[in-house]
Structure formats: C-alpha cells, structure tokens
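See structure below.
The values are calculated or read from the model by the stated rules, or taken from the named source; none is laboratory data. Remember, predicted model here, so these are calculated numbers, not experimental data. Cβ coordinates were reconstructed from backbone atoms using ideal geometry, including for glycine residues, and neighbour counts include every protein chain displayed.
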Amino acid sequence: MADRIVASLLLPARGSATRGVVPPPLAELGVLVESGSVNFSLVRIDETGTVAAKVALSQLGWCAGQSIRFDVSAGLLVVSRTSEDPAARIPSKMGVVLPARLRSRCRMRSGEQVLLASLLEHDLLVVYPQHVLHAMVTAFHASLLHRRDLRDG
C-alpha cells in the first residue's frame, strides 16, 4: 500500500510513456490531499545532510529517539518508523539526517531545498529532491500553457 501511495506522488520518468507504464493511482493522492492527510514543508539540506523536520515529524506524531528506516522508491527518499534494530533515530532537535549514500542515489546535495511530505494516514515521510520539484513545477506550468492554448485556440 505504501508503495502505491509513494507512486501516486511521482511524475512519470521522461520517455516512460513509450514503455507502457501504468498510470499511478492519482485519485488516491487527491483524496489524501483534500482530506488533509498530507502536509508539506520546504526545507534545506545542511552541510551535515540534516533537514530541519520538526514540523513534519510533529505532524506525524514522531518524537525524538524514534527509530526510523530509510528506503529509496523511484528516486524519492521514504522515511518510516520501525521497531527493528534501528540504523537511525530522530535526534533531540527533531531533524532527520539523510544518509550520504541515499542522498547520492536520490541526487540530493547539501544546500539544496527538498520538499517533505508527511503522509499521515500511512505514517510516512517522503523527501522530494530539488530536481524532482523542478520537474513538477515545469510540468505544471506547461499544462497551464497547454490549457490556455486550447481555450484560446
């Protein structure tokens, strides 16, 4: 279920339409956003790889000392709570230290901004890299131009 939710937050990869990709369940994301089950925070990655996530973590009800795990899904970093032997914990300042190897896999660099999405119903924190945000904003503006052209044409 969590993979479907994360997939619904993604843009399709460039050129993927020719490979028969099944569209993500966007309706499910729409319901979550409209119900207030998704909250967003825009934060910067500091030189240690930490993001100030106090707001996002508080929205999820996570606290300092909570054991967390990291996964990468389609270029996004997904953080979840875990009761297993933790590789990481939330520090007392309520930030999240993004592991260097995972930042590299997701093309995130110190100094860049990332979008934190708190998926309340699924108890997940999804980290969107800056290059993904750029692609989303660019696609959104292209769709506005396309709609305007259709209306005016």
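Could you please find all residues in the stretch 122-153 being of a type in the set (Ser, Thr, Tyr) and out of contact with any strand residue (DSSP E or B) (no Cβ under 7 Å at 6 or more places or on another chain)? Write out each step before concluding.
Pass one, the stretch 122-153, residues of a type in the set (Ser, Thr, Tyr): 128, 138, 143.
Passing the criteria: THR138, SER143.
Among SER67, SER92, SER83, which is hydroxyl-bearing (Ser, Thr, Tyr), surrounded by 12 or more Cβ atoms within 10 Å (Cβ to Cβ) and closer than 26 Å to SER37 by Cα?
Details: SER92 fails: surrounded by 12 or more Cβ atoms within 10 Å (Cβ to Cβ); SER83 fails: surrounded by 12 or more Cβ atoms within 10 Å (Cβ to Cβ).
None of the other options fit; the residue is SER67.
Pick from the stretch 121-153 the residues that are in contact with a Gly (Cβ under 9 Å, 6 or more places away or on another chain) and in a loop (DSSP other than H, G, I, E, B): which of them is surrounded by the most Cβ atoms within 10 Å (Cβ to Cβ)?
PRO129
Residues that are over 13 Å from the mean Cα position of the chain (by Cα), modelled with pLDDT under 95, in a strand (DSSP E or B) and not basic (Lys, Arg): does the stretch 78-91 have at least one?
yes
If we keep just the residues of the stretch 33-64 that are part of a loop (DSSP other than H, G, I, E, B) and of a type in the set (Asp, Glu), which is surrounded by the most Cβ atoms within 10 Å (Cβ to Cβ)?
Residues of the stretch 33-64 that are part of a loop (DSSP other than H, G, I, E, B), as a first pass: 35-37, 46-49, 53, 61-64.
Filter once more, so that each one left must be of a type in the set (Asp, Glu): 46-47.
Values: ASP46: 13, GLU47: 7.
Of everything passing the filter in the stretch 33-64, ASP46 is surrounded by the most Cβ atoms within 10 Å (Cβ to Cβ).
In the stretch 100-120, how many residues are surrounded by 13 or more Cβ atoms within 10 Å (Cβ to Cβ) and touching a Gly at 6+ places or on another chain (Cβ under 7 Å)?
Qualifying residue count for the region: 3.
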